[in-house]
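The values are calculated or read from the model by the stated rules, or taken from the named source; none is laboratory data. Everything quoted here is computed from the prediction, not taken from an experiment. Cβ placement follows ideal geometry from the backbone for every residue including glycine, while neighbour counts extend to all protein chains displayed. Surface accessibility is based on the protein's heavy atoms, side chains included, excluding ligands, DNA and RNA. Shrake-Rupley method; radii C 1.70, N 1.55, O 1.52, S 1.80 Å.
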Amino acid sequence: MEAPVSKRSHWGSRIGFILAAAGSAVGLGNIWKFPYVTGENGGGIFVLIYLACVLLVGLPVMIAEILIGRSTQNSPVGAFKSLAGPRSPWVGMGWLSVLSSFVLLSFYSVVAGWSLHYAWLSISGQLAGLGPDNVAPLFGSLHASAGANLFWHLVFMGLTIAVIYGGVSKGVERWSRILMPALLIMMLVLLINSLTLDGFGKAFQFLFGFHQDKFTAGGALEALGQAFFSLSLGMGAMLTYGSYLRRRDDVVGASVTISALDTCIALVASLMLFPIIFSYGMEPAAGPGLVFISVPIALSQMPGTTFLATLFFGLLVFAALTSAISMLEVATSYFIDQRGWKRHRAAVAAGLAIAVLGLPAALSGGTGLFGSGMEGLVGKNWFDSLDYLVTNWMLPLGGLGIALFTAWRMDRRLRQEEFLSGSRLRLFYQGWVFLLKFPVPVAILLVFLHAVGLL
Ligand code: PFF
């Protein structure tokens, strides 16, 4: 049973939508992943390619996603049903979104849980008292501890469910309006602190200088995958948020703002982290441990450890929470729109199911079946396997589906009307369709070829 369209919730204001969608985009992908992926790929040229991916691939797909949501006033499964027909294979794209939201949030919440753990260590002053030698092994022991991982994962899922329980304007929008400005202020304070450090010049040079020797084709494809992840594309999150817009709202302008904000925050996060790393003699290519090992070691040596570390890990938690709520909203809106459930029941049921699905991810750092047991069998633990599956396959596949559907299958008149409705950037219509028809699908196919080792 589908809920009547007239009852659909809407955003309270334009800025509310922008903050919520930017909140979805700005997450662990910007602060945890972007700096370390940039570090591993040598900085400079990777950043430039990333910017091109955002502009030429990410932005067109984001416009398409939000536009489909606004046009159908429905979440992914219902949106494809109404545009392509209830029995069309395109509805599979909607199902893929719901599946991706379950899988992604189940392990995203584990990393968010690590952030909560560090935020707690910081705010309670424990990090300041430890000194660098004792900070270094903290992450290893957290990673391996089943109890700590499970505890923080469940706390984080509880917070996420609580926000989604409140609804669109009273939950998602209200919290985005609080958390996003707080995040920006915290980031600004940390950036100012980094500007005063010796390592700032070196960090700037690392990020924006050209280091051709480090450039690889694999790095370029990783930049595309990262752009998809960071802009929250291919999973129906933007589509679902778009479905709470009204017809006169500007999709194109909003997409430009959201993409620009997300990209600036990824760059600012790097400009804030790398000076800390360089000033304390740490390696920029430390991998996923950059934020949870190198940064705390550096912070523990700086004056004002408790203040700075609380700001930093608080920032990480806020960023993770505004992204996680968009993932849970995809799953929740499926039950509301397609099954006719009440929001409260849908939010709790979907959230609990994801929390349970996340248990093996929370146990992946240990020596049990989902950790080193699985590593021995298939080379990757449960957490890494899901991360690989979602980032390299599910999100790009979702993005490819959206691009192909909008460019080749959607009714042309409807597509044009929808693009132009409420938009001040009408001139770009032809360019947008062209990008979705050819360059975007080709770029995504290259990612797939890379993922299977053919490139
Ligand atoms: N964009 C989020 C981040 O950068 O952490 C992750 C994400 C959120 C991906 C929502 C996909 C999604 F639908």
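Taking the range 89-128 on its own, how many of its residues are among the aromatic types (Phe, Trp, Tyr), within 21 Å of Leu154 (Cβ to Cβ) and away from the ligand (no atom under 13 Å from the Cβ)? Summing the residues that are among the aromatic types (Phe, Trp, Tyr), within 21 Å of Leu154 (Cβ to Cβ) and away from the ligand (no atom under 13 Å from the Cβ) in the range 89-128 gives 3.
Of all residues in the range 1-32, exactly one satisfies the criterion of being surrounded by 20 or more Cβ atoms within 10 Å (Cβ to Cβ) and at pLDDT below 90, namely Trp32.
Of the residues examined, Val37 is not one that is within 16 Å of the ligand (Cβ to nearest atom) and at pLDDT 95 or above. Considering (1) surrounded by fewer than 19 Cβ atoms within 10 Å (Cβ to Cβ); (2) in a helix (DSSP H, G or I), the lone condition that Ser176 does not fulfil carries the number (1).
Considering the range 194-251, the residues that are of a type in the set (S, T, N, Q) and either open to solvent by 40 Å² or more (accessible area, probe 1.4 Å) or not in a helix (DSSP H, G or I) (or both) include one that is nearest to the ligand (Cβ to nearest atom), namely Ser232.
Residue by residue, here is whether (1) modelled with pLDDT of 90 or more; (2) of a type outside the set (A, V, I, L, M); (3) under 21 Å from the mean Cα position of the chain (by Cα) holds:
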{"position": "Ile192", "(1), (2), (3)": "yes, no, no"}
{"position": "Thr196", "(1), (2), (3)": "yes, yes, no"}
{"position": "Phe210", "(1), (2), (3)": "no, yes, no"}
{"position": "Asp213", "(1), (2), (3)": "no, yes, no"}
{"position": "Ala217", "(1), (2), (3)": "no, no, no"}
{"position": "Ala220", "(1), (2), (3)": "no, no, yes"}
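With the structure loaded, tell me whether Gly58 is within 23 Å of the chain's Cα centre (by Cα), within 14 Å of the ligand (Cβ to nearest atom), in a helix (DSSP H, G or I) and over 19 Å from Arg14 (Cα atoms) or whether it fails that test. Yes; evaluated as a whole, the condition is true for this residue.
Tell me whether the range 295-302 contains one or more residues that are open to solvent by 50 Å² or more (accessible area, probe 1.4 Å), farther than 20 Å from Ala266 by Cα and in contact with a helix residue (DSSP H, G or I) (Cβ under 8 Å, 6 or more places away or on another chain). Looking through the range 295-302, at least one residue is open to solvent by 50 Å² or more (accessible area, probe 1.4 Å), farther than 20 Å from Ala266 by Cα and in contact with a helix residue (DSSP H, G or I) (Cβ under 8 Å, 6 or more places away or on another chain). Looking across the range 81-102, the residues that are open to solvent by less than 20 Å² (accessible area, probe 1.4 Å) and either within 19 Å of Val330 (Cα to Cα) or at pLDDT below 95 (or both) come down to Val91, Gly94, Ser97, Val98, Ser100, Ser101.
Helices (runs of 4 or more DSSP H) fully within the range 288-399 that include at least 2 residues being not hydrophobic (A, V, I, L, M, F, W, C): 295-301, 305-339, 343-357, 374-378, 382-389.
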